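Asker: Can you read through this structure? Questions will come right after.
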Amino acid sequence: MYILFIVLSVGISLSIYLFKKEIVTSILSIVFLASLVFTSSYAYFNINKTDNIFFKYDSLGVLLSIVLSILSITTFYFSRNYLKKFENNPRNVSIYYSALIMLITAILTIYFSNNIAILWASIEITSLFVSSLVFFERSKVALEATWKYLFVSSIGIALAFAGILLLSIYASNDGVTDLSFDTLITVVGNIDTLWLKISILLIIAGFSVKLSVFPLYAVSVDAKTIAPSPINALLSTVLVNAGFVAIFRTFTVVAHTEILSWTQNVFYIVGLFSMFIASIQLLRVKRLKRAFAFSTMEHMSIVLIGLAVGGIGYYAVILHIILHSFVKAGLFYQIYQIHSIFKSKWIENFSGYFKINTLAGITLLVGFISVTAIPPSGLFVSEFLIFKALFLGQKYFIAIVALIFLTIIMYILGKIFLTVLFGNVPDEIQTSKPNYLENFIQLSFFCLVMYLGINQPSFFIDLINNAISILN
Amino acid sequence: MTYLFIIIYAISLIYFALSERVKKFVRLLFMQGLILFGMVFFSLKEIEIYEFIFVLTETILIKSIVVPWFLERVRKHNNLKRIHEPTVPVFYSVILVVLSLIISFIISDNILDSKFHTQFFTVSFASIIYGLYFIIIHKNIFSHVVGYLIVENGIFMLSLSVGNTMPMMVNLAILLDLLMGLLVFGIFINRVGNTFQTDDVNQLTILKDL
């Protein structure tokens with residue numbers, strides 16, 4: 001079944017690229033989105049079943065695929081508006097859509113892959129399509145970001161591959177190699193702990209490009225600074241979630257071995273270090289998108305710390321990445337509006353957004369409350385649970401240091417948001433009519449996050465508990 | 001016979017440290033492709049026909065013909081002759097590559113795991129370390145790609161050292177990696193060369209927020 005989806009997506013992507021006609025692109029995009037929603041629903045109704053030997057519809061994959069489906073639909077909608085100014089260049093528009101479709105397909109493959117080699121290859125494929133999307137505007141700065149992203153993520157992925165090779169050393173039996181996660185979990189105990197530790201370090205270092213954390217975070221932040229805003233809404237959410245899936249699945253392999261506490265310490269170090277870097281770098285940012293890219297880095301650091309602490313932290317981590325996806329996507333859609341009103345990308349040129357466009361101003365304010373985890377934001381609940389787990393686990397030092405960094409980050413983000421929202425309207429800017437549908441979509445994402453924070457539906461709780469059952 | 005190829009591969013790493021001409025890098029990569037083929041050919045005990053074809057495609061066709069040919073084209077397009085920015089003198093690079101070889105020999109000697117084929121591990125580890133070092137010391141993006149390919153060759157040997165028979169999936173992954181990396185890198189080197197009129201990474205700094 002899943003193979004069919006891949007074949008269909010590749011076919012659609014190729015047809016869009018070859019035909020370069022607006023009508024064909026629109027129809028095929030709708031077909032693709034329908035098939036994406038269908039595949040996610042199919043996965044939900046066939047939960048915990050394997051498809052082929054390479055794919056499995058597990059709870060984590062299903063949850064994230066639902067998020068992916070929702071965000072893909074809105075991203076296609078916002079992309080239409082974004083691409084209006086490129087109407088006279090059908091070639092680039094067709095490349096945009098066909099790369100976007102392939103990127104979404106590769107991300108869904110990462111969510112459902114039950115085989116570490118498939119997961120790795122899909123992550124590699126995402127690099128290729130992210131690059132072509134980052135390069136969309138064909139500017140000098142886009143070229144630089146694309147080059148750096150491609151190069152560093154290729155190096156990272158090569159290192160992760162070396163880690164996977166070491167991890168799969170005992171997975172081969174009588175010449176037949178089975179690299180499924182279930183097999184890896186059963187044979188991992190045979191591997192020498194030194195090799196296992198080296199392998200974990202290589203895998204974390206390699207996939208850190210996708211998760212946007214230390215050590216290879218820089219190119220990912222650069223890519224998010226340059227990529228078109230609708231694409232950013234995917235790069236900072238579902239792609240980061242794909243990086244999380246890769247790290248999570250690797251973590252499940254070592255979760256019942258003697259190196260568990262060592263791995264947890266690595267996660268603490270990577271998490272705290274990333275948070276430290278994000279707080280320092282945020283002091284220097286001058287572009288709004290860059291500020292949000294570092295905010296993503298901060299949230300992923302919290303996720304890593306939550307994964308390390310365990311217990312209630314596991315539940316909070318899954319909740320956090322889902323809620324973060326909606327908040328960040330909403331904010332990136334809003335950034336596009338800000339950029340088009342002020343016709344600039346630099347924070348110094350933004351002020352008086354409330355007076356220019358009140359509805360969008362309110363949306364941005366709600367977005368600010370959501371992203372900085374101020375109640376009633378749902379992210380407050382997940383962060384609260386992670387810190388509760390830290391204090392219960394007597395990790396006082398880590399909790400306090402993390403709280404200090406979070407406070408700094410909150411202060412800087414607050415300063416940036418207040419600069420954009422209030423102050424005098426620049427002379428050359430005129431008040432504009434709000435786009436009700438766009439703001440409605442963003443506001444509904446923020447409201448959904450608040451709702452899910454306060455009242456999680458029972459099927460949602462079951463899915464999260466199912467996803468983390470392997471760790472408990 | 002496998003040992004002979006392993007030794008030649010180690011020597012090729014030292015040659016990399018000694019060379020300064022871009023043309024020589026391309027030739028050395030061609031050589032490494034051939035060496036890898038020899039290594040695999042003599043180490044696979046019972047080679048099946050489809051495996052043989054696959055290994056042949058991967059090492060001879062991709063690593064020795066397609067990759068160097070592509071790099072040579074990029075080199076000519078960008079008119080690259082000599083890497084004239086030695087941030088680290090050649091002498092130190094040679095010492096480093098020799099040291100990395102010695103260290104990886106010592107590490108391999110201490111591996112007791114029966115699943116490991118230590119003879120491959122020696123050079124593969126040195127190759128990965130040297131490839132990363134090669135990227136760090138060079139400022140030219142063409143050399144960065146060469147460094148990346150040295151790391152790739154190291155990883156190819158690592159895959160030999162952890163498995164008796166080569167799993168098809170793993171091989172396919174390496175092939176995909178190489179093809180994708182090379183095609184895209186080639187295209188981008190040309191673009192970077194045309195747009196920035198340089199291949200020096202120090203010129204690629206407009207992304208910073210300062």
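The values are calculated or read from the model by the stated rules, or taken from the named source; none is laboratory data. Please read these numbers as outputs of a predicted model, since none were measured by experiment. Note that we place each Cβ from the backbone using ideal geometry, even for glycine, and neighbour counts take in every protein chain shown.
Asker: Across the range B:124-177, what is the number of residues that are among the basic types (K, R) and modelled with pLDDT of 85 or more? Give the derivation first.
Answerer: Applying the first criterion (among the basic types (K, R)) to the range B:124-177 yields B:139.
Those left that are additionally modelled with pLDDT of 85 or more: none.
Qualifying residue count, the range B:124-177: 0.
Asker: Just one of the numbered conditions (1) aromatic (F, W, Y); (2) within 15 Å of the chain's Cα centre (by Cα); (3) over 30 Å from A:S351 (Cβ atoms) is not true of A:F326; which one?
Answerer: (3)
Asker: Okay, moving on. When you scan the range B:29-148 for helices (runs of 4 or more DSSP H) that lie fully inside it, which ones turn up with 3 or more residues that are within 14 Å of another protein chain (Cβ to nearest Cβ), touching a helix residue (DSSP H, G or I) at 6+ places or on another chain (Cβ under 7 Å) and crowded, with 21+ Cβ neighbours inside 10 Å? Break it down into steps so the answer makes sense when it comes.
Answerer: Working: elements: B:49-55, B:67-77, B:90-110, B:118-137.
The qualifying helices (runs of 4 or more DSSP H) are B:118-137.
Asker: Suppose the filter is in a loop (DSSP other than H, G, I, E, B) and closer than 24 Å to A:H320 by Cβ; does A:L448 pass it? Give the steps one after another, and end with the answer.
Answerer: Working: in a loop (DSSP other than H, G, I, E, B): no; closer than 24 Å to A:H320 by Cβ: yes.
When the stated conditions are applied, A:L448 does not pass them.
Asker: Please work out if A:S113 is within 10 Å of chain B (Cβ to nearest Cβ), crowded, with 21+ Cβ neighbours inside 10 Å and closer than 25 Å to A:I204 by Cα.
Answerer: Values: within 10 Å of chain B (Cβ to nearest Cβ): no; crowded, with 21+ Cβ neighbours inside 10 Å: yes; closer than 25 Å to A:I204 by Cα: yes.
No, not satisfied.
Asker: Of the numbered conditions (1) surrounded by fewer than 22 Cβ atoms within 10 Å (Cβ to Cβ); (2) within 14 Å of chain B (Cβ to nearest Cβ), A:F292 fails exactly one; give the number of that condition.
Answerer: Going through (1) surrounded by fewer than 22 Cβ atoms within 10 Å (Cβ to Cβ); (2) within 14 Å of chain B (Cβ to nearest Cβ) one by one, A:F292 breaks only (1).
Residue-wise test of (1) at pLDDT below 95; (2) farther than 15 Å from A:S94 by Cβ.
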position	(1), (2)
A:Y17	yes, no
A:I23	yes, no
A:V37	no, yes
A:N46	yes, yes
A:L68	no, yes
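Asker: Of a type in the set (F, W, Y), under 20 Å from B:Y130 (Cα atoms) and within 13 Å of the chain's Cα centre (by Cα): does that describe B:F5? Steps first, answer last, please.
Answerer: On the way: of a type in the set (F, W, Y): yes; under 20 Å from B:Y130 (Cα atoms): yes; within 13 Å of the chain's Cα centre (by Cα): no.
No, not satisfied.
Residues are listed down the side, and each one gets a yes or a no for (1) within 30 Å of A:A389 (Cβ to Cβ); (2) touching a helix residue (DSSP H, G or I) at 6+ places or on another chain (Cβ under 8 Å); (3) aromatic (F, W, Y):
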| site | (1), (2), (3) |
| --- | --- |
| A:Y314 | yes, yes, yes |
| A:I321 | yes, yes, no |
| A:A329 | yes, yes, no |
| A:L359 | no, yes, no |
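Asker: Within the range A:141-156, can you find the residues that are among the hydrophobic types (A, V, I, L, M, F, W, C) and at the interface with chain B (Cβ under 7 Å from one of its Cβ atoms)?
Answerer: Step one: filter the range A:141-156 for residues among the hydrophobic types (A, V, I, L, M, F, W, C), giving A:141-143, A:145, A:147, A:150-152, A:155.
Selection gives A:V141, A:L143, A:A145, A:W147, A:L150, A:F151, A:I155.
Asker: Of all residues being facing chain B (nearest Cβ under 7 Å) and at pLDDT 85 or above in the range A:159-174, which is nearest to B:Y130 (Cα to Cα)? Just the residue, please.
Answerer: Here the answer is A:A162.
Asker: What about A:I95, is it assigned to a loop (DSSP other than H, G, I, E, B) and either at pLDDT below 90 or within 14 Å of chain B (Cβ to nearest Cβ) (or both)? Outline the logic, then answer.
Answerer: Details: assigned to a loop (DSSP other than H, G, I, E, B): no; either at pLDDT below 90 or within 14 Å of chain B (Cβ to nearest Cβ) (or both): yes.
So A:I95 does not fit the description; no.
Asker: Considering the range A:34-84 alone, what residues qualify as being closer than 22 Å to A:F446 by Cβ and aromatic (F, W, Y)?
Answerer: Once the filter is applied, which keeps residues that are closer than 22 Å to A:F446 by Cβ and aromatic (F, W, Y), the range A:34-84 yields A:F76, A:Y77, A:F78, A:Y82.
Asker: Then there's this: Restricting the first residue to the range B:15-27 and requiring it to be within 12 Å of B:E72 (Cα to Cα), which pairs with a second residue that is in a loop (DSSP other than H, G, I, E, B) meet a Cβ separation below 7 Å and a spacing of at least six or different chains?
Answerer: Here the result reads B:V22/B:L80; B:V22/B:K81; B:V22/B:I83; B:F25/B:S19, each pair linking the range B:15-27 to a residue that is in a loop (DSSP other than H, G, I, E, B).
Asker: How many of the residues in the range A:402-434 are surrounded by 15 or more Cβ atoms within 10 Å (Cβ to Cβ) and part of a helix (DSSP H, G or I)?
Answerer: 13
Asker: Just to check your reading of the model, which residue among A:L119, A:L64 is away from every other protein chain (no Cβ under 13 Å), closer than 16 Å to A:G243 by Cβ and crowded, with 22+ Cβ neighbours inside 10 Å? Spell out how you get there, then give the answer.
Answerer: Details: A:L119 fails: away from every other protein chain (no Cβ under 13 Å).
Residue meeting the stated conditions: A:L64.
Asker: Within the range A:342-352, is there a residue that is part of a helix (DSSP H, G or I), farther than 20 Å from A:S236 by Cα and touching a helix residue (DSSP H, G or I) at 6+ places or on another chain (Cβ under 8 Å)? Before the answer, list the steps.
Answerer: Keep residues of the range A:342-352 that are part of a helix (DSSP H, G or I), which gives A:342, A:347-349.
So of that shortlist, the ones also farther than 20 Å from A:S236 by Cα come out as A:342, A:348-349.
After this cut, where a residue has to be touching a helix residue (DSSP H, G or I) at 6+ places or on another chain (Cβ under 8 Å) as well, the list is A:342, A:349.
Yes: one or more hits.
Asker: Additional query: Checking the condition under 21 Å from the mean Cα position of the chain (by Cα), crowded, with 22+ Cβ neighbours inside 10 Å, of a type in the set (V, I, T) and in a helix (DSSP H, G or I), which residue from A:T75, A:T25 passes?
Answerer: Step by step, each of A:T75, A:T25 is checked, and only A:T75 is under 21 Å from the mean Cα position of the chain (by Cα), crowded, with 22+ Cβ neighbours inside 10 Å, of a type in the set (V, I, T) and in a helix (DSSP H, G or I).
Asker: If you don't mind, another one. Test of understanding: among A:F244, A:F292, which residue is under 27 Å from A:P230 (Cβ atoms), at pLDDT 95 or above and of a type outside the set (S, T, Y)? Explain how you work it out, then say what you get.
Answerer: Details: A:F292 fails: at pLDDT 95 or above.
Exactly one residue qualifies, and that residue is A:F244.
Asker: Hey, another quick one. Consider A:A373 carefully, then state whether it is of a type in the set (A, V, I, L, M, F, W, C) and touching an Asp or Glu at 6+ places or on another chain (Cβ under 6 Å).
Answerer: On the way: of a type in the set (A, V, I, L, M, F, W, C): yes; touching an Asp or Glu at 6+ places or on another chain (Cβ under 6 Å): yes.
Yes.
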